[in-house]
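Inspection log for the structure reproduced underneath, given as structure tokens.
Here, each number is a calculation from the coordinates, and none is a lab measurement. Because the structure is predicted, anything quoted here is derived from the model rather than measured. As a convention, Cβ positions derive from the backbone with ideal geometry for all residues, glycine included, and neighbour counts pool all protein chains shown.
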């Protein structure tokens, strides 16, 4: 294959000195600067980095599919004896799909909705006129079978909307592999999927790579996924490769302070539950400005004066291992760096008061009992015409839950489990069918908006999308002070209040005159917290408070929430799918599946001794950022069934590894155990 | 570009105690908004269509507003000996069959066009915006009812509707205005409704509801600023349509009444004598063409710059 003598024989693709600029109205953004790394044959290589690190830009540069305003300023990408950066458009087209193919992040938008899979896969093989249509179909069916789609010869004639999310991603992988490419690029292949689905896709990719001897490049921000899947790892920060190496080297003996910090910030890795998460302070530098010295110096805990002036040396260790840091070599070499793994190199935010012992009061702040929420699926007229008797689906079914003042309750579930609906129902944004929602002892379910409005001062919500939940044409100052105007609170100086709240959430005052699109995710989240806190509420419902935030930033937000709770005695209902995070902040956990709470109890107990098989699957489903702790098997298969065909018996029976006949016939009631835990399982584990 | 001194020069840590970078200074933030505005202005000024459009539109406004000072003669003053003359030094654009100066009549006719365009489009815009937002945000039955009304109005051909109305009430400037407003409300309302519908289920509207904001507040403070941009561009592109509708109705004798000068009546009168004096039709047509081009160019340039969907690349 490679004829170039300078190539190591096992290098499939070699990225050398790649630099890419983006021309934007703000000036030239130097998105990639002098990137070099080899992609070795028959290995899975992971490119990891936070948002803005340029990891996706590398991927698109390999394929020559950069946006129009991008400009490759230097470098080459050697693929065999070709340079892909300077290849003609015709040559590139011949390479894409045939020799290099891509698995996209979102299978929802990357497949053609109006063509069947059979047609789409036949089109992929259009460069092979001597293969008959029948043969092409046979190849497609075979490939669909390989990626684990049941009945591939029937399902191939279905459209993408017939497939569920996980199935679609499997089909996406099948399409990418159909031409037998030498190199498979996967851009955040599991980000759009649930935890239990993620584990299945990881294993699929691993198996296929072994079976087909393919080379795979995975781009991800998820350290657990990288540790579980990859052989080689490239760590990127702000458009530079700061460290590269084999997976064990990176995860067990990280050389660069950023890699170290990134690993320490991953909540899945931290074993002691301390309520305070480590953070990397600061932001990614502005890439439009001239840069000098080490790119990470402004956030590095070990920064020295030289780091700001001089580009750090590149220390190579092995075939592809390298790290760029002054600590490792040269006059500022520190023989004690890196410290042993159990020494923390990053701070945990401010020296935080541990959570004060809670005043245990008998009256809960929020008490939900037997709540049911239904959504209409067919109109009354159509149901009559078509003879459908069941016009509604149960989004939330018999949910009971309570939150005490000063307590954090985590509500955990996969997408479609009804957890967000439950949060919105509590806030009276979605009407409930039956049951009761009590706030400080007052029944508030389906209260008319006029009477409910004063209560909104006591209950606030943080929304999932930090930037999207801020009105785009309002300044931060106007957004923060809006609650005062809505509730007609006079006698306060709005400017003073804005500054007080900005201080409270540690948002620098100059940001008050910014607009939402000028904020980073973490800053926008702070604004959301400030808005929620403006009127001194008693209860905050936080919907995925860390969604869309980088690992290094999510700690800051969670620490802030913890501090504010200690200060104001807030009750939190944290809605999330992210188990590692919720484990650090929640006092109690409620696990939801298909709109029902299947298990509820104290966080540590739920984690250490799960009672419900679903909880067990969730706990085991979190990929660990440690290549030595790779899972050998996936505990549950399949996907969350649609709400439209809720199983007759236990909701989880279709996927449960321990399911018995009784589970399929009879819905398990909620049982309270001796230690106060509640579960809904006929055959609880460990009993 | 204000350089920030703390980072590169002093070598001090660029991170303050709160964990946020201090390289974001006060000046930087003010600058970021100002720079974006400057950038848009620069994009506009380098767009030849936009600049041409702006010049033509400015000319249109200026000529209409300053017509009494610019016009060499009274629009209705007769110069019988020079009637139906071509362009001469006395009458730069010639005269009509009564010997009235065509240039003066065109300038005064621009005032009619401006009045119709400014009042007609702005009233239609405001009413359309309000109705559209209510339709998009309100209950389903109200939406359906309003849509039915919009579609009913749109289904009338403008000219036929005008003919019928004029037959009932007689021609007048007020009638033309009413017709223009009624027929253009539905298109603004439709656009506003669609934009509101896409906003209705976004997180930030839900966030406002969770804070207890009233419907009026949500519509006025949070929906309108996000909806009004495309509508203004639509309005700019709608002005020439309105101007030609007025000219067309006046041409048919259904618009402004003689002797008031309007571009339509000039064309109408010129049409009668086109074989003997083609100058009148040409002179009356040029401002109409230039205004149409001007507003179309301006509207398209504005859309190219302010509509993010038209942007190139990521």
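Between the alpha-carbon centres of segment A:541-607 and segment A:221-278 there is a gap of 23 Å. For the peptides A:574-587, A:298-311, residues were scored by their other Cβ atoms within 10 Å and the scores averaged per peptide; the highest-first order is A:574-587, A:298-311. Based on the alpha carbons, how large is the Rg to Rh ratio for segment A:43-102 when Rh follows Kirkwood? Rounded to two decimals, Rg over Rh is 0.96. Evaluated at q = 0.16, 0.19 Å⁻¹, a Debye calculation over the C-alpha positions of segment B:169-240 (equal weights, vacuum) places log10 I(q)/I(0) at -0.67, -0.81. Equivalent ellipsoid of segment A:107-180: semi-axes from √(5λ) of the C-alpha gyration tensor, largest first, are 19, 13, 11 Å.
Compute for segment B:106-187: radius of gyration divided by Kirkwood radius, i.e. Rg/Rh, restricted to C-alpha atoms, rounded to two decimals. Numbers along the way, then the final one.
Values: Rg = 14.8 Å, Rh = 13.9 Å.
Looking at segment B:106-187, the ratio lands at 1.06.
Per residue, the average separation of C-alpha pairs within less than 8 Å and at least 6 apart gives chain A a relative contact order of 13 percent. Each part reduced to its alpha carbon centroid, segment B:276-305 and segment A:406-422 end up 61 Å apart. From most to least packed by mean Cβ count within 10 Å, the peptides A:520-529, A:279-288 give A:520-529, A:279-288.
Helix B:263-272 and the longest principal axis of the C-alpha atoms of chain B enclose an angle of approximately 30°. Across segment B:199-289 the C-alpha pair distances fall into 5 Å bins from zero in the proportions 3, 12, 15, 13, 9, 7, 6, 6, 7, 7, 7, 5, 2, 1, 0 percent. Write down the Kirkwood hydrodynamic radius of segment A:238-293, to one decimal in angstroms, obtained as one divided by the mean of 1/r over all alpha carbon pairs. The answer is 13.5 Å.
Distance between the pseudo-spin-label points of residue B:79 and residue A:289 (7 Å out from Cα toward the beta carbon): 6.8 nm.
If I take R0 = 45 Å and measure r between the Cβ atoms of residue A:683 and residue B:48 in this structure, what FRET efficiency does the formula 1/(1 + (r/R0)^6) give, to the nearest 0.05?
0.05
With chain B treated as a Gaussian network of Cα nodes joined by springs under 10 Å, which of B:294, B:50, B:253 yields the largest mean-square fluctuation? Result for chain B, Cα springs under 10 Å: B:253 fluctuates most. Our note on the geometry: Cα centres of segment B:70-144 and segment B:159-235, 24 Å apart. The calculated 222 nm mean residue ellipticity attributable to helices in chain A amounts to -8000 deg cm²/dmol, summing -39500 (n - 2.57) over DSSP H runs of n ≥ 4 and dividing by all residues. Diffusion coefficient of segment A:467-535 by Stokes-Einstein, Kirkwood radius over Cα pairs, 20 °C, 1.002 mPa s: 183 µm²/s.
Helix B:102-137 axis versus longest C-alpha principal axis of chain B: approximately 40°, rounded to the nearest ten. Please give the FRET efficiency for residue A:207 paired with residue A:385, using the beta carbon to beta carbon distance and R0 = 56 Å, rounded to the nearest 0.05. Efficiency, from the Cβ-Cβ distance: 0.70.
Shape of segment A:287-441 from its Cα gyration tensor (a ≥ b ≥ c, root eigenvalues): rounded if a/c is under 1.5, otherwise prolate when a/b > b/c, or oblate? Kindly include the intermediate steps, with their values, before the conclusion.
Values: a/c = 4.00, a/b = 2.21, b/c = 1.81.
The shape class here is prolate.
Distance between the 7 Å Cα→Cβ label points at residue A:440 and residue B:141: 3.7 nm. Note on segment B:34-310: Cα Rg divided by 2.2 N^0.38 Å, N the number of residues, gives 1.18.
When the helices of chain B are scored as -39500 (n - 2.57) per DSSP H run of n ≥ 4 and the total is divided over every residue, the value at 222 nm lands at -23000 deg cm²/dmol. Quick one: Debye curve from the C-alpha atoms of chain A, no solvent, what's log10 I(q)/I(0) at q = 0.06, 0.10 Å⁻¹? Taking Cα atoms of chain A as identical point scatterers yields -0.38, -1.08. Residue order for B:130, B:55, fewest other beta carbons within 10 angstrom first, comes to B:55, B:130.
Ordering A:210-216, A:148-154, A:30-36 by mean Cβ neighbour count within 10 Å, with the highest value first, yields A:30-36, A:210-216, A:148-154. Percent of Cα pairs in segment B:56-155 per distance bin of 5 Å, from zero to the largest separation: 2, 12, 14, 13, 10, 8, 7, 7, 8, 7, 5, 3, 1, 0. Each 5 Å bin from zero up to the one holding the largest Cα-Cα distance in segment A:213-309 carries the following percent of pairs: 2, 11, 21, 22, 19, 14, 8, 3, 1, 0.
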